[in-house]
């Protein structure tokens, strides 16, 4: 497909609010200048269609039809002030003015739902979403785009994508992660508890480190879920939260609780009566810079099979699945 024909293709996809790469780059540079002048932020979202077949979607009629419906879904899902278009043969870009890191993640969730509602084609695979925010992820528009492209590549390597976890239920994912053997920089499994090299108190130490990280930059937005079979004011994580000062991170305590749990500082209890929560401990934490998840399944003899990860895609996916399946408010920070 010749480069000169891409503007025409973009207009055919969604005539009202869908543009070509030249317009996207020009608008992006203007938005970066505006954000610099007024000390604001903006974000971009990339939708990589490579997972929908590997080749360019504009090379055949079926792919072009799917891309047309996807473009329409993007335009209908985003705001009037957002600018969407065809970045290249297999990527759609959305520029989101006045949108921070968490706003971009929320937009991705909406776009992913809209895309999943499209009629399936004979193309295998799924769409890959990535994002970046100015000025944190780039000093100019080109830098922001480069960061989003890098995250797209990293997303392909995420366990979330490699294991196709989006098609599974939350507790199916938990079972799979804690029963397998992972050894690596981003994700690993280990045993803890009675008779093990790591005691169960090691899990409390991990949560203490997370709360220290939250308190170190109290103004930084983030989200944390702490799941335990019994919630009480005597839990180490609750005591650590009480001494953390005022924090912007939203912390939720999940499980069965006592009356005193409602008096906890810096956290909101989510009292859920689910037997699976009585045998599984978990911590999910994410902010702009860090992502971490710890899941421990209790075995016989006071031992635990644990999985930990710093894989951004996996942590965000676990949070999204948990919120969705327990009908919780979809918030990320």
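Read-outs: derived from the displayed coordinates by stated rules, not from any lab. As the structure is a computational prediction, the values presented were derived from the model and not from experiment. Every residue, glycine among them, receives a Cβ derived from its backbone with ideal geometry; neighbour counts consider all protein chains shown.
Express as a percent, rounded to the nearest 5, the fraction of DSSP beta bridges in segment 165-325 (both residues included) that run antiparallel.
Details: 26 of 37 bridges.
DSSP beta bridges in segment 165-325 are roughly 70 percent antiparallel.
How much length is gained on full extension from residue 326 to residue 79, taking 0.36 nm per residue of separation minus their Cα-Cα distance?
Details: separation 247, 0.36 × 247 = 88.92 nm, distance 2.78 nm.
Full extension of this stretch gives 86.1 nm more.
With r defined as the distance between the Cβ atoms of residue 300 and residue 221 and R0 fixed at 56 Å, what FRET efficiency is calculated, to the nearest 0.05?
On the way: r = 40 Å, r/R0 = 0.72.
With R0 = 56 Å, the Cβ-Cβ based efficiency is 0.90.
Please arrange 109, 155, 162 by counting, for each residue, the other beta carbons lying within 10 Å of its beta carbon, fewest first.
Details: 109 16, 155 20, 162 12.
With the sparsest Cβ surroundings first, the list reads 162, 109, 155.
Can you compute the label reach from residue 156? Point 7 Å from Cα along the Cβ direction, backbone N cut-off under 17 Å, restricted to segment 29-46.
46
Grab every C-alpha pair in segment 286-333, bin the distances at 10 angstrom width from 0 up to the longest one, and report whole percents.
24, 42, 27, 7
Once you place label points 7 Å from the Cα toward the Cβ at residue 246 and residue 118, how far apart are they in nm?
4.5
For a bin width of 20 Å, list the pair-distance distribution of the chain built from all Cα-Cα distances, rounded to whole %.
Taking every Cα pair in the chain, the percentages come to 29, 52, 18, 1.
Based on the Kirkwood radius over alpha-carbon pairs, what is the Stokes-Einstein translational diffusion coefficient of segment 185-241 at 4 °C with 1.567 mPa s viscosity, in µm²/s? Kindly include the intermediate steps, with their values, before the conclusion.
Numbers: Rh = 13.2 Å.
Translational D for this selection: 98 µm²/s.
Pick out which of 201, 42, 281 has the largest mean-square fluctuation in a Gaussian network model of the chain, springs linking Cα atoms closer than 10 Å.
201
Relative contact order for the chain using alpha-carbon pairs under 8 Å, separation at least 6, rounded to a whole percent? Please report the intermediate quantities before stating the final value.
Working: 590 pairs, mean separation 49.3, N = 333.
In percent, rounded to a whole number, it is 15.
Where does each of 274, 100 land when they are ranked from fewest to most other beta-carbon atoms within 10 angstrom?
Values: 274 14, 100 19.
So the ranking, lowest neighbour count to highest, is 274, 100.
Measure nothing fancy, just the Cα-based angle from helix 61-77's long axis to the longest principal axis of the chain, in degrees from 0 to 90, nearest 10.
Compared with the principal axis, the helix lies near 60 degrees.
What share of the DSSP beta bridges in segment 228-313 is antiparallel, in percent to the nearest 5?
Values: 13 of 19 bridges.
Counting DSSP beta bridges with both partners in segment 228-313, the antiparallel share is about 70 percent.
Kindly provide the Kirkwood hydrodynamic radius of segment 145-271 in Å, to one decimal, from all pairs of distinct alpha carbon atoms.
Working: mean 1/r = 0.0584 Å⁻¹.
After inverting the mean inverse Cα-Cα distance, the result is 17.1 Å.
Gain in length, residue 258 to residue 110, computed as 0.36 nm per residue apart minus the alpha-carbon separation, to one decimal in nm?
49.7 nm
Please arrange 66, 226, 326 by counting, for each residue, the other beta carbons lying within 10 Å of its beta carbon, fewest first.
On the way: 66 21, 226 25, 326 13.
Fewest-to-most ranking of 66, 226, 326: 326, 66, 226.
Counting only helical runs of four or more DSSP H residues, what would the 222 nm mean residue ellipticity of the chain come to if each run contributes -39,500 (n - 2.57) and the total is spread over all its residues?
Values: 10 runs with 127 residues, N = 333.
When only DSSP H runs of four or more count, the value is -12000 deg cm²/dmol.
With labels modelled as points extended 7 Å from the Cα through the Cβ direction, what inter-label distance (nm, one decimal) is found for residue 166 paired with residue 98?
2.9
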